[in-house]
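Inspection log for the structure reproduced underneath, given as structure tokens.
The values are calculated or read from the model by the stated rules, or taken from the named source; none is laboratory data. Quantities reported herein were computed from a predicted structural model and do not represent experimental measurements. All Cβ positions, even for glycine, are placed from backbone atoms using ideal geometry, and neighbour counts span all protein chains on display. Side chains included, ligands, DNA and RNA excluded: accessible areas come from the protein's heavy atoms. Shrake-Rupley method; radii C 1.70, N 1.55, O 1.52, S 1.80 Å.
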Amino acid sequence: RKIRPYTGDDSYLFYKAAIRDGEYARDLSIAYHITGNKDYAAKATDIIAAWCDPANGAGAYFDPEIRYANTGMVVARSSFVFMYAYDLLMADSLIPEAVGENFRNWLRTLLPHIREGARRWEENDYFGQQYYQNHIAADALGQLAMGVMLGDENLVKYALCSEENPRDVLDVIKGCILMKGETPNIGEPVDIPVEDGEIIDRYRHFILGGHYKDYKTKPNRALQYCGLTTTLMVCMAEIMRHNGVDLYSYEA
């Protein structure tokens with residue numbers, strides 16, 4: 001199949017195409033590590049090279065009027081699978097330097113979209129006072145992963161634990177994992193006390209709506225979103241486990 005990176009201005013269409021190809025690259029990279037067959041690694045490298053080719057301009061610009069509230073989250077999640085694949089291949093130094101340079105520059109191109117997405121949520125009172133959820137977790141993970149991938153110590157510190165960052169990784173862990181006596185999401189349809197360890201999306205809010213251009217939250221997706229938010233936090237913990245910080249044992 002010919003690799004066709006999405007180069008338009010709709011961040012959701014970018015997400016769909018990037019997730020598709022990024023997951024191919026990740027799975028091929030895993031297949032290489034399992035089998036030792038470098039054909040898998042070569043194809044994964046081809047996919048990465050196509051998406052980060054500066055001639056394509058994939059992810060250079062997104063129209064804020066199309067996905068104003070979602071762009072940061074979808075860019076973070078879709079770029080993460082590429083970073084996963086890249087890291088697996090670089091474990092055996094299989095990425096040519098020219099491709100590696102393009103990839104690192106591509107991450108620098110995508111990073112401002114994540115930072116802008118985080119700013120939009122803060123500026124808009126988290127779109128209906130949704131102070132912690134998967135968007136916030138995705139933005140934090142994206143910045144952390146890019147900081148580690150780029151060897152940018154300042155970005156890692158900002159993403160992990162910075163007073164300048166209103167939603168750093170430690171904040172996300174504290175806010176997304178509920179403890180007894182805490183206040184759950186404002187949009188929950190029923191009043192049920194919080195138990196230790198529940199995830200903020202435990203009852204996917206479905207009375208919250210109209211917080212951005214008449215958008216309405218979708219009901220009955222609590223397990224889906226709890227799983228997503230938890231997975232994003234596990235990725236943060238796993239990244240930092242390899243970099244000397246034990247988030248698995250962290251207690252807010």
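Below is a table of values for the structure above.
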{"item": "Top-ranked residue of segment 232-251 - restricted to ones that are among the β-branched types (Val, Ile, Thr) and touching a helix residue (DSSP H, G or I) at 6+ places or on another chain (Cβ under 9 Å), ranked as surrounded by the most Cβ atoms within 10 Å (Cβ to Cβ)", "result": "ILE239"}
{"item": "Options GLY147, GLY197; residue that is out of contact with any Cys (no Cβ under 9 Å at 6 or more places or on another chain) and at positive phi", "result": "GLY197"}
{"item": "Residue under evaluation ASP168, criteria (1) surrounded by fewer than 15 Cβ atoms within 10 Å (Cβ to Cβ); (2) of a type in the set (Asp, Glu); (3) under 25 Å from ARG119 (Cβ atoms), criterion not met", "result": "(1)"}
{"item": "Residue count for segment 17-68, restricted to those that are of a type in the set (Gly, Ala, Ser) and open to solvent by 20 Å² or more (accessible area, probe 1.4 Å)", "result": "8"}
{"item": "Residue match in segment 137-157 (condition: under 21 Å from ILE66 (Cα atoms) and in a loop (DSSP other than H, G, I, E, B))", "result": "no"}
{"item": "Residues of segment 113-136 classified as assigned to a helix (DSSP H, G or I) and more than 13 Å from the chain's Cα centre (by Cα), total", "result": "11"}
{"item": "Filter pass, TYR61 being farther than 16 Å from MET149 by Cβ and outside any loop (DSSP other than H, G, I, E, B)", "result": "no"}
{"item": "Complete set of residues in segment 89-125 that are of a type in the set (Asp, Glu), open to solvent by 70 Å² or more (accessible area, probe 1.4 Å) and in contact (Cβ under 8 Å) with a residue 12 or more places away in the chain", "result": "ASP92, GLU122"}
